[in-house]
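One structure is given below, encoded as structure tokens.
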Amino acid sequence: MQPFATYHRFISLCMYLAGFLGFVLSLVKKHYLRQFTLFGYTHVTLLLIVTQSHFIINNIFNGLIWFLLSTTLVICNDIWAYIFGFFFGKTPLIKLSPKKTWEGFIGGGFATIIYGILCAYALIRFDFFVCPISYSESQGISMQCERSHVFQVAHYNVPATVKSLFALVGVELTILKLYPFIFHTIMMACFASLIGPFGGFFASGFKRAFKIKDFGDSIPGHGGLMDRFDCQLLMGTFVYVYYITFLSPANPERLLKMVLQMKQEEQLEFFSLLQTALKGQGQL
């Protein structure tokens, strides 16, 4: 199985190219329009389902907290938007979903942020959720690590304006102790509340275009699985890109594997450059 794990991207590309060649060779003059229409549908499906699944799997390997929190944020927003809309909804939000209201949209957003902070504090206490999943031939699968600074308590100086506001009620607040991950949680909660619902609106428009009520009937009263996960279409991609852009740490094991694949002269050159850089930083 090792070759499949090492070269799975190239193998996947070869399989796609084989399918592409098969499509071109199967073109029939009388059915060009229908064949290219189906070809387009296939690629939209690949983009929305397969690519999204790939990003979600990467989120799991980056640490279960990135998967569990992002997924439940969307679910929480969906539930609380419905509750606020049911009891207080009066102003329609979008024509694609007549039952969606501004009251539900805004109320669900605030509830999602509160839930995200509470859930983050609950999960962040356990290494099982915050440690990336790593694999080595000697140790196998491991979920133990030295915690990233994102999951360690940091001290923040409270701005003077905030200090004065707390002083009015007799509370002296100068330093705030907080996990940096809480700020990232708020960003994910805002995305789940503001952008996530548009995945559901997209699905609603898609169903209206084909004049169907639900994507399936596997869940009585709710439709199919896709009807429950339509708002997840964008969340997995956002979390993956956000993590890679702002938080992705260097992986020593991956760097070592790359160095060992070099020629001996290149390894010695890399060692010399690394030694010079560390001396420049005063670490040697």
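Hey, can you tell me all the residues within region 1-10 that are surrounded by 10 or more Cβ atoms within 10 Å (Cβ to Cβ) and either hydroxyl-bearing (Ser, Thr, Tyr) or over 25 Å from the mean Cα position of the chain (by Cα) (or both)?
Taking region 1-10 first, the residues surrounded by 10 or more Cβ atoms within 10 Å (Cβ to Cβ) are 6-8.
Matches in region 1-10: THR6, TYR7.
Please go through region 77-98 and give me each residue that is in contact (Cβ under 8 Å) with a residue 60 or more places away in the chain and part of a helix (DSSP H, G or I), ordered by number. Those that are in contact (Cβ under 8 Å) with a residue 60 or more places away in the chain and part of a helix (DSSP H, G or I): ASN77, ASP78, ALA81. If you go through region 179-199 and pick out every residue that is open to solvent by 50 Å² or more (accessible area, probe 1.4 Å) and either touching a Gly at 6+ places or on another chain (Cβ under 9 Å) or touching a residue at least 24 places away in the same chain (Cβ under 8 Å) (or both), you end up with 5.
Put simply, of LEU46, LEU68 the only residue that is without any contact (Cβ under 8 Å) to a residue 40 or more places away in the chain, open to solvent by less than 70 Å² (accessible area, probe 1.4 Å) and under 22 Å from the mean Cα position of the chain (by Cα) is LEU46. With respect to the conditions (1) modelled with pLDDT under 90; (2) at negative phi, GLY140 falls short on a single one, namely (2). The residue pairs whose first member lies in region 164-177 and is over 20 Å from VAL153 (Cα atoms), whose second member is surrounded by 10 or more Cβ atoms within 10 Å (Cβ to Cβ), and whose beta carbons are closer than 7 Å, counting only pairs six or more residues apart or on different chains, are PHE166/LEU173. The listed residues are PRO180, PRO132, PRO159, and the only one of them that is of a type outside the set (A, V, I, L, M, F, W, C) and touching a Phe, Trp or Tyr at 6+ places or on another chain (Cβ under 7 Å) turns out to be PRO132. With respect to the conditions (1) more than 30 Å from LYS211 (Cα to Cα); (2) at pLDDT below 90; (3) in contact with a strand residue (DSSP E or B) (Cβ under 9 Å, 6 or more places away or on another chain); (4) open to solvent by less than 60 Å² (accessible area, probe 1.4 Å), ILE94 lacks only one, and its number is (1). Within region 217-231, not a single residue is at pLDDT 85 or above, within 16 Å of the chain's Cα centre (by Cα) and closer than 30 Å to TYR121 by Cα.
The values are calculated or read from the model by the stated rules, or taken from the named source; none is laboratory data. These numbers come from a predicted model, not from an experiment. As a convention, Cβ positions derive from the backbone with ideal geometry for all residues, glycine included, and neighbour counts pool all protein chains shown. Accessible surface is based on the protein model in full, side chains and every heavy atom, while ligands, DNA and RNA are left aside. Shrake-Rupley method; radii C 1.70, N 1.55, O 1.52, S 1.80 Å.
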